[in-house]
Amino acid sequence: MKLQSTFAYLFLAFSIVSFYGCTTVPGFIADQTWSENYALMAGVQANDPAIVDGDLKTIGQSQYVEASSDVIQSHHASSESVILLPVPKSIHRVVLHSSNMEAFDIWVADNQGRWGRIKEIKSITQKVIDVRLNRAVRTTGVKIRIRRTSDDAELRQKNIQRIRGWRIYSGHVRAPAKISEIELYGFASKRDVEDAQNALSQEETDEKELDELLEF
């Protein structure tokens, strides 16, 4: 637990330096920097727990939307990754770790639980997608709707056959996204930064005292 806390404080301190640059005046406390990863809060729910377990080695995937009564529409169904927060948070940054996503939309839930699209991302080539929203959005739910993956063509070839000019579907034609983690961030308050700095300072003091005792 102590090691995890130390990593958390080091991450926040690193974020402060990255956000304000190396010319920050000593003793100056930043007004804003990135918050903790809200997706790792206690009480968070996801339609695949692997995408919010904090472990990049575990691979989850987006889930298909409920099937339609129309067979063709059902086979063309999109897939989604949904994260529900226990309390409302202001989200300004979404980071996704995926090996096959090429295009997706970001949706958020309003205070009545209705979903609305706020961002469309196209032509992805990197495996870590860092999205900054135009404005902070206060919400209890974030949904990633997959529009295209690099595995779609292979799946279509497998599940579509042409017989006498007819297309015969045997399964989905849009592949789910492979996602190892989705991270959600807002802006930390000045007090959050001060608390993190104080806690980090205390950690360093405790380690120094332990070193002195061992030397003695």
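Roughly how many debye, to the nearest 20, is the charge dipole of the range 34-186 about its Cα centre, given +1 on each Lys and Arg Cβ, -1 on each Asp and Glu Cβ, and no other charges? Show your work: numbers first, answer last.
Details: 22 positive and 17 negative charges, 120 e Å.
For the range 34-186, the charge dipole is close to 580 debye.
Could you list Thr33, Thr140 so that the one with the fewest beta carbons within 10 Å of its beta carbon is first and the one with the most is last? Can you show the working numbers first?
Numbers: Thr33 22, Thr140 16.
Neighbour counts put them in this order, fewest first: Thr140, Thr33.
Where does each of 129-137, 175-183, 96-104 land if you order them by average Cβ count within 10 Å, highest first? Present the calculation step by step, with values, prior to reporting the outcome.
Values: 129-137: 13.0, 175-183: 22.3, 96-104: 20.7.
So the peptides 129-137, 175-183, 96-104, ranked by packing, come out 175-183, 96-104, 129-137.
Work out, step by step, the length gained on full extension between Ile59 and Ser170: first 0.36 nm times the residue separation, then minus their alpha carbon distance; give nm to one decimal.
Gain on stretching Ile59 to Ser170: 37.4 nm.
For a 18 Å ceiling on Cα separation, which of these pairs sit above it: Lys122/Lys158; Lys127/Lys178; Lys57/Lys122?
The pairs that break the limit, which is 18 Å between Cα atoms, are Lys122/Lys158; Lys57/Lys122.
Taking neighbour Cβ counts within 10 Å as the exposure measure, how do Asp151, Asp110 sort from fewest upward?
Values: Asp151 17, Asp110 13.
Least crowded to most crowded, the residues run Asp110, Asp151.
Rank the residues Ile163, Ile59, Ile91, Ile168 as a footprinting-exposure proxy: fewest other Cβ atoms within 10 Å of their Cβ go first. Mind showing how you got there, number by number?
On the way: Ile163 7, Ile59 16, Ile91 25, Ile168 10.
Lowest to highest Cβ neighbour count: Ile163, Ile168, Ile59, Ile91.
Calculate, in nm to one decimal, what Val44 and Val131 gain on full extension: separation in residues at 0.36 nm each, minus their alpha carbon distance.
This chain segment gains 29.3 nm when fully extended.
Measuring from label point to label point, each 7 Å out along Cα→Cβ, what is the Thr140 to Val87 span in nm?
Each label point is offset 7 Å from its Cα along the Cβ direction, giving 1.3 nm.
Rounded, prolate or oblate, given the Cα gyration tensor of the range 34-186, with a/c below 1.5 counting as rounded? Write out the running numbers ahead of the final one.
Numbers: a/c = 2.21, a/b = 1.86, b/c = 1.19.
Cα axes put the range 34-186 in the prolate bin.
Give the relative contact order (percent, whole number) for the range 87-140; include only Cα pairs under 8 Å separated by 6+ residues.
After rounding, I find 54 percent.
Each reported figure results from applying straightforward, stated rules to the coordinates on display, with no laboratory input. Since the structure is predicted, the reported quantities are computational estimates derived from the model, not experimental observations. Glycine also receives a Cβ, built like all others from the backbone with ideal geometry; neighbour counts cover every protein chain displayed.
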